[in-house]
Number of protein chains: 2
Amino acid sequence: MERQNIDIQYTWDLSPIYAHHQDFYKDLDKAKELLTSLLQQKDLFLKDVNQFLKFHQEETMLSRYIQKLHCFAHLHCDVEPNNQEYQTMYAAILSFYDQVSSSLDFYTVMMIENSEKVTQYLQDEQLSDYRYTIQEILRQKKHVLSQELETLVSKTSTIADISSQVFDALRLDYDPVHIDGQEKTLNSATLTEFLKNKNPEVRKEAYHNFFKEYKKFENVYAATLSGVMKKDAFYADVKKFDGPLEASLFDDNVPTSLFFKILDKANNQYRPLFHRYNALKKKVLKLETMYNYDLNIPLVQYKTKKYTIDECFDIILDVVKIFGEDYVNIIKKAKEERWIDYYPHSGKRIGAYSSGCYDTNPYILMNFIGDYNSLSTMIHELGHSAHTYLSCHNQSPVNCDYRIFVAEVASTVNETLLINYMLEHASSPQEKAYFLYELLENCVGLIFRQPMYADFEHILHTWAKEGKPMSSQMITDLYDKKNAEYYGPEITMDEYVGYSCYYIPHFYYNYYVYKYTLGMTVALAIVSRLLNGDEKQKEAYLRFLKSGGSKDPVDLLKDALVNPLEDQLYDDAFHYFETILNEFENIVLDDSSSTLS
Amino acid sequence: MERQNIDIQYTWDLSPIYAHHQDFYKDLDKAKELLTSLLQQKDLFLKDVNQFLKFHQEETMLSRYIQKLHCFAHLHCDVEPNNQEYQTMYAAILSFYDQVSSSLDFYTVMMIENSEKVTQYLQDEQLSDYRYTIQEILRQKKHVLSQELETLVSKTSTIADISSQVFDALRLDYDPVHIDGQEKTLNSATLTEFLKNKNPEVRKEAYHNFFKEYKKFENVYAATLSGVMKKDAFYADVKKFDGPLEASLFDDNVPTSLFFKILDKANNQYRPLFHRYNALKKKVLKLETMYNYDLNIPLVQYKTKKYTIDECFDIILDVVKIFGEDYVNIIKKAKEERWIDYYPHSGKRIGAYSSGCYDTNPYILMNFIGDYNSLSTMIHELGHSAHTYLSCHNQSPVNCDYRIFVAEVASTVNETLLINYMLEHASSPQEKAYFLYELLENCVGLIFRQPMYADFEHILHTWAKEGKPMSSQMITDLYDKKNAEYYGPEITMDEYVGYSCYYIPHFYYNYYVYKYTLGMTVALAIVSRLLNGDEKQKEAYLRFLKSGGSKDPVDLLKDALVNPLEDQLYDDAFHYFETILNEFENIVLDDSSSTLS
């Protein structure tokens, strides 16, 4: 499919950002003027409160221009990668951004050096919008070095990225898999499919042919994975953090106890629930030996219907009416104002995202194919977009950006509400079992698997911090052990399981994965209360969506009535999982039609 | 072959280093005591000349222990890698060395901060042995940063090595090559062999199957190659050098004009000579189209005899008698005192090297198989060992270590003398043609190919210095272009030639390759004068071998009557190549038996 053959109503309308290409360059010129002006204020902006305010107002304007320019260029490039005009715009804004970052590098150091004066200025009401973000800068005091050292540290960025670059560049070929005498191409997409195959030989061949390639390149992967761990340890050390964990959590101002609480809940206290689920799978599938790669065999045979885009909107509008008219109107706007680029076509970026800023609509890129997954992705991305929309319409431009730490809440709440809606509207026990299974698998991925990843990652980070040399043997032995504990006694580990860690990009993201668990537990708590008609929760949640990035993430969540520092949140989430599991167990153990055979 | 089956007289005798294993640990303890003592002197060693002398004497002793311990452990590990006792010793000395490096990092900074005082101390006769090495430290003044910055720079070492680590870890598999209907395994060793095959299809298939794998992983290689260039640019920048070239040449105190002179001589002035040689190959081989991968087809069909180790020594002793009795006695000692580990066996390190220090014999590891190449390797490594022996017996322990920049002279002189000896003793025009061809191919590799590599490498370094992003397309296009210019109009470039840069480890060695050219031109000049009975040259050369690392490399070479800053040296070397080429041309154009057919 080519882009020009797609009906224009199913493509996004980026003209509200810039109607003409020259408008992009006009804004880029304005941004350049602002940078010049800011650089001229280097020795002045701390002189008095008015100069201080002027500097920050101009800096905010500069950020808005950069975000708007970046948004326009990257959205266009993602659907028309071969259009050189957009590529030129994209290169221009990236290069300007680099210039801004390096030429304004005096800012943080000077703010910290003058923190007393800055704190005084902040009492001025004119600066009220800036209080939170500036206090966030001052909070870095212990970790900002002298200008000379900071410059040196920032120069290391050119050599620090090699591990991730190599990981991204290393694309493997896999031997084909034989199904009914035919050779089938193996890749990431078909692996998932082949692991659902009824024939154990197919599953085994797919798993082996896939991961034996990671074993073949194990020393390369060990170098890049240990490389990225050494990088994080290096930055934590030079920036005077106790370790990589502390450095990573510092940005979100989250205590390490939160991280360890999540690991303890998932990997110790509630892990037996996951083992029970695995045992149920083994029982339902009547497998004598169940390998780790057998866990993907669908427990429920049910074919969901196909959805048109209009049907998706009908369902989504029905689901989100729980949030009230304002939220519903945002979803309607998304459709009417063409925020969404729906269909896949040649050259278009794969996957899905929501992207926007204070001065643009919150656009969505999708690769819609009309299955349940497309519907679920759509409500997920609309969750992000509604969050962005509400933040930008209720916060000043300084405070509207919310952090990754809380970003997955709005999307996961929507996804979970959707599954519950499907459960409620299910017309047969089998349909119900299908959506319960979807929900269970979703939960397993986010509340059980990610904490295992986090535990593994944390050990690697600790090795790096201690300067321990990391061989592939050490890494794969550890991953093998962690998986055996994770899957539990009923599941047999395949010989390649240790090498499967080399396939996972998230280990390159520096303590990212635990945020998925947090997002899901928060979402489960919120959804279960919303479905119980809890009006206070609804108001609190909408308040959270409108708060953007105006507070510390933990405080934002507390405002949403979910306290990530307390046990209750996690206990509720895992108990919710248990309830679903009970319900599912009752159906599948009753209903023989739900099994493979 | 297992090690225990090899006659002991053909293995090295490491017992003169340590007769018993406990002696290793006794010395390690002494080294640790010395480190403790040195650390206690941190605030004292600059106080007066006596404390200064004491500190340096102890530091020298510590270095001697480290070198001796390291030598013992690594030699044992290289022939018995599975012996855990030696692996433990090796790990112990490496870890102690790291500890020494980091805990003595105050030394350079304090020396520079007190350079006036240090210069005064150096006038004391008791410090005469230390003058050169300490002046070398003071010479770094412009490039040594504050202690705080130096510590940060040294910490970057953990993240700076990833590119090289990945390059080393990335081992490719190649599709087999078909020869006379049989599948033959392709690897680095067989590639060289297959490229000599008479059948053009075999050569093409071998070349394509080999380098198509580098194309497949081009983005990984582009990341590691650009990564190592960025690393060099980073260190050059933070250490205040004009660029990576200046940073690299600084250590040897060599002007950049020398580097550019070598490139100009080889890549511009004398390149037509290489093109003439290629044209001769094409003519002799009667090829209509000659591809770059056809240049390895042997021009002369001649099978050299097999040599026993005793026969090798007979020839070598005959060759080196030109240097006089002292040198001859060193070679005899090497045999009698069992400095050499000759034969390949399972687990033994591949290749060959000479390794030793002030307190050990200069040992040699080989993988002797009795062909001409084994003989040539033996005289090459004995060249290094004689150089080490003479340096250690004529210099103080502080000044005996010679630098890489001059290290290849002694070995290449020997190798070239050997070829000349073979030429002199050749019993047929074909044998003569064979050794002339050997000499020409040797010369091409060192005086033509390496300067092309150096030119390519320098452009990548310049891109990194300018912060230019490097795609694989840019890198391979450049290498393709450089090769086309290099091989000249008679040779046709294969489509994969651009990717062959990814196979070469030397591009990871930071301006290393031009040193090969220098070593060869110096050797050619010295050998041609020696063969003309130039007694002054002989004495100067022996003086050079005895001088170790007591002077700047360029001064050492000047003492050996070869001035690398002047045109004459290079002009002589390339004219020597021309003379050999003329002689060879006369034989092969006369003698039809020397061609393939």
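The values are calculated or read from the model by the stated rules, or taken from the named source; none is laboratory data. On a predicted model such as this, the values are computed, not experimentally measured, just so you know. Here the Cβ positions follow ideal geometry from the backbone for every residue, glycine too, while neighbour counts run over all protein chains shown. What goes into the accessible areas is simple: the full protein's heavy atoms, side chains included, and nothing from ligands, DNA or RNA. Shrake-Rupley method; radii C 1.70, N 1.55, O 1.52, S 1.80 Å.
Brief remarks on what is shown
- Dipole check for the stretch B:100-143: with +1 at the C-beta of Lys and Arg, -1 at the C-beta of Asp and Glu, and the Cα centre as origin, the magnitude is about 220 Debye.
- Between helix B:535-547 and chain B: long-axis angle, C-alpha atoms, 0 to 90°, nearest 10: 50
- Annotation for residue A:425 and residue A:310: the two label points, set 7 Å from Cα along the Cα-Cβ direction, are 1.5 nm apart.
- Sparse-neighbourhood loop sites, trypsin sites (Lys or Arg not before Pro) in the stretch A:224-300 - DSSP loop, at most 12 other Cβ within 10 angstrom: A:240, A:286
- Seen from every direction in turn and averaged, the convex hull around the alpha carbons of the stretch A:464-578 projects onto 10.3 nm².
- Size check on the stretch B:335-458: the Cα extents along the three principal axes, sorted descending, read 47, 41, 33 Å.
- Charging the Cβ of each Asp and Glu at -1 and of each Lys and Arg at +1, and nothing else, the dipole of the stretch A:3-158 about its Cα centre rounds to 300 debye.
- When the charge dipole of the protein assembly as shown is built from unit charges on Cβ atoms (+1 for Lys and Arg, -1 for Asp and Glu) and taken about the Cα centre, the candidate among B:573, A:339, A:391 whose Cα reaches farthest toward its positive end is A:391.
- Backbone N within the stretch B:223-246 under 16 Å of label point (7 Å from residue A:155 Cα along the Cβ vector): B:229-246
- Under the Karplus curve 6.51 cos²θ - 1.76 cosθ + 1.60, θ = phi - 60°, whole-Hz ³J(HN,Hα) for the stretch B:26-39, x wherever Gly or Pro sits: 5, 5, 4, 5, 4, 5, 5, 4, 4, 4, 4, 4, 5, 5
- Only one residue of A:120, A:22, A:12 has its Cα farthest out toward the positive end of the dipole of the stretch A:3-158, where Lys and Arg carry +1 and Asp and Glu -1 on Cβ, and that residue is A:120.
- HN-Hα J in Hz across the stretch B:468-484 - Karplus 6.51, -1.76, 1.60, θ = phi - 60°, x for Gly and Pro: 6, x, 10, 8, 4, 4, 5, 5, 6, 4, 5, 5, 4, 5, 5, 5, 4
- Its relative contact order, with pairs defined as Cα atoms under 8 Å and 6+ residues apart, puts the stretch B:65-210 at 13 percent.
- Normalised alpha carbon radius of gyration of the protein assembly as shown [divisor 2.2 N^0.38 Å]: 1.09
- Hull volume per residue, based on the alpha-carbon atoms of the stretch A:272-423 and their convex hull, is 164 Å³.
- Each of A:442, A:452, A:416 was placed along the dipole of the stretch A:394-472 (beta-carbon charges, centred on the mean Cα), and the one lying farthest toward the positive end is A:452.
- The Stokes-Einstein estimate for the stretch B:94-166, based on a Kirkwood radius over Cα pairs and taken at 25 °C with 0.890 mPa s viscosity, is a diffusion coefficient of 173 µm²/s.
- Neighbouring partner chain Cβ atoms per residue of A:234-245, average, 10 Å criterion: 1
- With Cα atoms, 0 to 90° folded angle of helix B:84-103 axis to chain B main axis: 60
- Accessible carbon and sulfur surface of the stretch B:3-151 relative to its total accessible area, %, 1.4 Å: 48
- Of all DSSP-defined beta bridges confined to chain B, some 60% are antiparallel rather than parallel.
- For chain B, the relative contact order comes to 19 percent (Cα pairs under 8 Å, sequence separation of at least 6).
- Estimated dipole of chain A in Debye, rounded to 20 [Cβ of Lys and Arg +1, of Asp and Glu -1, Cα centre]: 540
- Of the beta bridges in the protein assembly as shown, as assigned by DSSP with both residues counted there, near 60 percent are antiparallel.
- Computed from label points 7 Å out along Cα-Cβ, the spacing between residue A:105 and residue B:279 is 5.4 nm.
- Extension gain (nm, one decimal) between residue B:485 and residue B:135, 0.36 nm per residue minus Cα-Cα: 121.7 nm
- For chain A, the longest principal axis of the alpha carbon atoms and the long axis of helix A:309-320 meet at an angle near 80°.
- Cα point-scatterer Debye curve for the stretch A:165-289, base-10 log of I(q)/I(0) at q = 0.10, 0.18, 0.19 Å⁻¹: -0.60, -1.05, -1.06
- Peptide packing: for A:475-485, B:452-462, the average count of neighbouring Cβ atoms within 10 Å per residue gives the ranking B:452-462, A:475-485, highest mean first.
- Under a 5 Å amide H cut-off, with hydrogens placed 1.01 Å from N, residue B:290 pairs with B:492 among residues at least 5 apart or on other chains.
- Take the Cβ atoms of residue A:242 and residue B:396, set R0 to 51 Å, and the FRET efficiency comes out at 0.60.
- Convex hull volume per residue, computed on the Cα atoms of the stretch A:1-143, equals 144 Å³.
- Semi-axes of the equivalent ellipsoid of the stretch B:231-339 are 37, 33, 14 Å, computed as sqrt(5λ) over the eigenvalues of the C-alpha gyration tensor in descending order.
- Euclidean distance of C-alpha centroids, the stretch B:418-437 and the stretch A:10-88, integer Å: 73
- Using a cutoff of 8 angstrom between alpha carbon atoms and counting only pairs six or more residues apart, the relative contact order for the stretch B:24-123 works out to 31 percent.
- Estimated at 0.36 nm per residue, the fully extended path between residue A:495 and residue A:474 surpasses their Cα-Cα distance by 6.1 nm.
- Lysine pairs meeting the criterion (Cα under 16 Å, 8 or more apart or interchain), as found in the stretch B:107-225: 7
- With only Cα atoms counted, chain B has Rg and Dmax values of 25.3, 79 Å.
- Under 5 Å, built H, 5+ apart or other chain: amide partners of residue B:178: B:184
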